[in-house]
Amino acid sequence: MVIFHDNSSDERFLIGSTIASEKTDTWEDGKEYPIVHVDVSSASHPFYTGQEKVMDTAGRVERFKARAAKAKN
């Protein structure tokens, strides 16, 4: 069991892992576990938080089709 600490959101997760760490920290159950600091996790990644940005590709596709049609003529 390893504690993963998300530096972006300050969330902590206790999950099974094979990653090794020299540092340890105390979990909510009072036991010491190895801790690994990560920059992104499901608590901070835009895909999981619903903050992702959707790119408007429709305009690009339409421009490409227009250029392709123009080049064909």
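If the label point is 7 Å along Cα→Cβ of Met1, which residues in the range 14-44 have backbone nitrogen under 11 Å from it? The answer is 14-16, 27-34, whose backbone nitrogens lie closer than 11 Å to the label point. Residues whose amide H lies under 5 Å from that of Val36, counting only those 5 or more places away or on a different chain, are Ile3, Phe4, His5; hydrogens are built 1.01 Å from N in the peptide plane.
Computed from label points 7 Å out along Cα-Cβ, the spacing between Lys72 and Leu14 is 6.3 nm.
Readers should treat all values here as calculations from the given coordinates under stated rules, not as data from a laboratory. Everything quoted here is computed from the prediction, not taken from an experiment. When we count neighbours, we look across all protein chains shown, and the Cβ atoms used for this are built from the backbone with ideal geometry, even at glycine.
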